[in-house]
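A short write-up of the structure that comes next.
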Amino acid sequence: MVERFESWARSQLAQGFSLAEAASAAGTSERTLARRLQSVLGKTPLSYFQDLRVEHAVHLLRTGNASVDQVATQVGYSDGATLRALLRRKLGRGVRELRRGG
């Protein structure tokens with residue numbers, strides 16, 4: 001179930017998160033999905049989805065030449081400022097530092 005959720009989540013990064021859609025894709029109820037992810041990963045489905053967005057954004061910033069706004073769009077955020085703030089809060093590093101490999 002967790003693997004099905006992760007697969008769905010990775011394919012939906014740009015579209016956004018819906019707990020109902022996530023549960024349907026994982027073949028379970030919303031409540032069961034939430035409980036299972038909490039027990040296996042220690043996170044809520046939304047928290048894990050956001051972590052995947054950050055992980056993918058960091059990969060794109062380190063390996064490509066896309067602007068921060070373009071990367072933000074690719075991972076489902078409306079603008080680069082939102083992504084910059086999230087990276088600072090979650091990782092404690094900015095875009096320049098990430099691009100340099102830090």
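The values are calculated or read from the model by the stated rules, or taken from the named source; none is laboratory data. Predicted model, so just to flag it, every value in this text is computed and none were measured. Backbone-built Cβ (ideal geometry, glycine too); neighbour counts: all protein chains shown. These accessible areas exclude ligands, DNA and RNA; they are computed on the full protein's heavy atoms, side chains included. Shrake-Rupley method; radii C 1.70, N 1.55, O 1.52, S 1.80 Å.
Do the conditions hold for Ala85, that is, is it buried (at least 17 other Cβ atoms within 10 Å of the Cβ), in a helix (DSSP H, G or I) and among the hydrophobic types (A, V, I, L, M, F, W, C)? No; evaluated as a whole, the condition is false for this residue.
The set of residues in the stretch 5-29 being farther than 29 Å from Asp79 by Cα and in contact with a helix residue (DSSP H, G or I) (Cβ under 7 Å, 6 or more places away or on another chain) consists of Ala26, Gly27, Ser29.
Leu46 satisfies every condition listed in (1) part of a helix (DSSP H, G or I); (2) surrounded by fewer than 17 Cβ atoms within 10 Å (Cβ to Cβ); (3) in contact with an Asp or Glu (Cβ under 8 Å, 6 or more places away or on another chain) except (3). Which condition breaks for Gly42 when tested against (1) closer than 16 Å to Met1 by Cα; (2) at pLDDT below 95? Evaluating Gly42 over (1) closer than 16 Å to Met1 by Cα; (2) at pLDDT below 95 leaves (2) as the failure.
Among the residues of the stretch 56-70, is any of a type in the set (Ser, Thr, Tyr), assigned to a helix (DSSP H, G or I), open to solvent by 50 Å² or more (accessible area, probe 1.4 Å) and under 22 Å from Lys90 (Cα atoms)?
Filtering the stretch 56-70 down to residues of a type in the set (Ser, Thr, Tyr) leaves 63, 67.
After this cut, where a residue has to be assigned to a helix (DSSP H, G or I) as well, the list is 63.
After this cut, where a residue has to be open to solvent by 50 Å² or more (accessible area, probe 1.4 Å) as well, the list is 63.
Okay, now just the ones that are also under 22 Å from Lys90 (Cα atoms), so 63.
Checked against the condition, which is being of a type in the set (Ser, Thr, Tyr), assigned to a helix (DSSP H, G or I), open to solvent by 50 Å² or more (accessible area, probe 1.4 Å) and under 22 Å from Lys90 (Cα atoms), the stretch 56-70 yields at least one hit.
Residue pairs whose Cβ atoms lie under 6 Å apart, sitting 6 or more positions apart in sequence or on different chains, and linking a residue in the stretch 59-75 that is touching a residue at least 60 places away in the same chain (Cβ under 8 Å) to a partner that is open to solvent by less than 20 Å² (accessible area, probe 1.4 Å) and assigned to a helix (DSSP H, G or I), are Val75/Ala57.
Restricting attention to the stretch 84-102, the residues that are in contact with a Leu (Cβ under 9 Å, 6 or more places away or on another chain) and either within 18 Å of Gln12 (Cβ to Cβ) or among the small types (Gly, Ala, Ser) (or both) add up to 1.
Table: residues versus (1) surrounded by 14 or more Cβ atoms within 10 Å (Cβ to Cβ); (2) of a type outside the set (S, T, N, Q); (3) touching a Ser or Thr at 6+ places or on another chain (Cβ under 9 Å); (4) not in a loop (DSSP other than H, G, I, E, B).
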site	(1), (2), (3), (4)
Val54	yes, yes, no, yes
Ala72	yes, yes, yes, yes
Ser78	no, no, no, no
Leu98	yes, yes, no, yes
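Filtered by the rule that a residue be open to solvent by 60 Å² or more (accessible area, probe 1.4 Å) and among the polar types (S, T, N, Q), the stretch 16-43 gives Ser24, Gln38, Ser39.
May I ask you to verify whether Arg31 is assigned to a helix (DSSP H, G or I), charged (D, E, K, R) and at pLDDT 95 or above? Talk me through it step by step, then tell me what you get.
Working: assigned to a helix (DSSP H, G or I): yes; charged (D, E, K, R): yes; at pLDDT 95 or above: yes.
In short, yes.
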